[in-house]
Amino acid sequence: MNQTENKIIAVTGATGAQGGGLIRAILAHPEGGFSARALTRNPESEKALALAAQGVEVVKADLDDEASLVAAFSGAYGAYCLTNFWEHFSPDKEIVQAGNLARAAKAAGVSHVIWSTLEDVRDFVPLSDDRMPTLLEKYKVPHFDAKGESNHFFTESGVPTTLLNTSFYWENLIYFGMGPQAGEDGSLAITFPLGDKKLAGIGVEDIGACAYGIFAADQEFIGKTVSIAGGHLSGQEMADGLSRALGREVNYNAVSPDTYRSFGFPAADELGNMFQFNADFSEQYCGARDLDATRKLNPGLKSFDDWLAVNASKIPLG
């Protein structure tokens, strides 16, 4: 199948981690029958120009502009739809953007949408439950809840959709300040309010590769929810893996969710709630994210140790 006959996958977040991972997976499988269309607000950005240099079609589109999305999705077989809470910290904005994406995909006649989503924590911990504080008056974990709440835009639109539940990014150890921090005595520790519970995590590149596997499976996952992870690790197991990879002892500092929420960095309350949800419902959260099923979608799936072998050198040691 030549390039002109390939099925086009329109990718939002194309210059970011998840969308970029899907584009790289498409490029790595020239025999797969797909070509990538990268959606970006700024086609002249360095990352967008780099994609164009690899032969990727780059199209200007904005999640806040539904008409631009309809135009960008037109003629595409598939669309990978995601929103970026951490760009603006507004769950309400995420919900508006998700609605725009779903309506645009429907209007453009897209044959298969993957919506990158997460659980709505309020289904587990109602707003009336004071086990964890309510944030922004109507959320428990805003960046989870807004995505989970937005699922209905896709399922009710009639557009053929796969809901893709992602997991904790191991890249948070590199880019989000969650990696090992040095104490006054110079010893290293990671700090999470997880107790001894396991956390489902994944390397972000593997999310894009899993999305490729879903598109490559044709109709198999339409109308289904697919939940993915590369590993289920306790805080101690993460510390042990870091110790091996870094060649320095890394301790695990288990704190209470209340303590974590009190740390005062941006989104400390949100992340404290997220980890509390991960811990309190670890069995359900990890249980939904079957590692063997994830590996079937993405045979190159990296375990935490595999991921560390590639990425440990990038982790800043604070």
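Here are the numbers for this structure:
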| item | result |
| --- | --- |
| Heavy-atom accessible area per residue - region 117-237, 1.4 Å, Å² | 39 |
| Mean Cα-pair separation over length for region 66-194, i.e. relative contact order, pairs under 8 Å, 6 or more apart, % | 25 |
| Region 26-70 - percent relative contact order, Cα under 8 Å, separation 6 or more | 33 |
| Within the accessible area of the chain (1.4 Å probe), percent carbon and sulfur | 51 |
| On Cα atoms only, tilt of 204-216 relative to the major axis of the chain in degrees | 40 |
| Full-extension gain in nm, Ala50 to Phe176, via 0.36 nm per residue minus C-alpha separation | 42.9 nm |
| For Val226, residues with placed amide H under 5 Å, excluding near neighbours | Leu163, Leu164, Asn165 |
| With Cα atoms, 0 to 90° folded angle of helix 142-157 axis to the chain main axis | 30 |
| For region 63-169, fraction of C-alpha pairs farther apart than 20 Å, in % | 39 |
| For the chain, share of DSSP beta bridges that run antiparallel, in % to the nearest 5 | 20 |
| Estimated [θ] at 222 nm from DSSP helical runs (n ≥ 4, -39500 (n - 2.57)) normalised by residues in the chain, nearest 500 | -12500 deg cm²/dmol |
| Phe281 long-range amide H proximity, modeled H, under 5 Å | none |
| Distance from region 115-190 to region 265-301 (C-alpha centre basis), Å | 9 |
| Amide H partners (placed H, <5 Å) of Val58, local residues excluded | Ala38 |
| FRET efficiency, Arg248 to Ala71 (Cβ-Cβ, R0 51 Å, nearest 0.05) | 0.50 |
| Exposed-loop-free span, longest in the chain, where trypsin sites (Lys or Arg not before Pro) count as exposed if DSSP calls them loop and at most 16 other C-beta atoms lie within 10 Å | 42-130 |
| Backbone HN-Hα couplings from phi across region 280-293 [Karplus 6.51/-1.76/1.60, Hz, Gly and Pro as x] | 5, 10, 4, 4, 5, 5, 6, x, 6, 9, 6, 5, 5, 5 |
| Karplus-derived 3J(HN,Hα), 6.51/-1.76/1.60, for each residue of region 260-270, Hz, glycine and proline x | 4, 4, 7, 5, x, 6, x, 6, 4, 5, 4 |
| For the chain: rounded, prolate or oblate by the Cα gyration tensor [a/c cutoff 1.5] | prolate |
| Region 13-116 - accessible surface per residue (Å², probe 1.4 Å) | 40 |
| Karplus-derived 3J(HN,Hα), 6.51/-1.76/1.60, for each residue of region 305-318, Hz, glycine and proline x | 5, 4, 5, 5, 4, 8, 10, 4, 5, 8, 6, x, 9, x |
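The values are calculated or read from the model by the stated rules, or taken from the named source; none is laboratory data. These numbers come from a predicted model, not from an experiment. In this analysis, Cβ positions are derived from the backbone assuming ideal geometry, glycine residues included, and neighbour counts consider all displayed protein chains. Note: areas computed on protein heavy atoms with side chains; ligands, DNA, RNA excluded. Shrake-Rupley method; radii C 1.70, N 1.55, O 1.52, S 1.80 Å.
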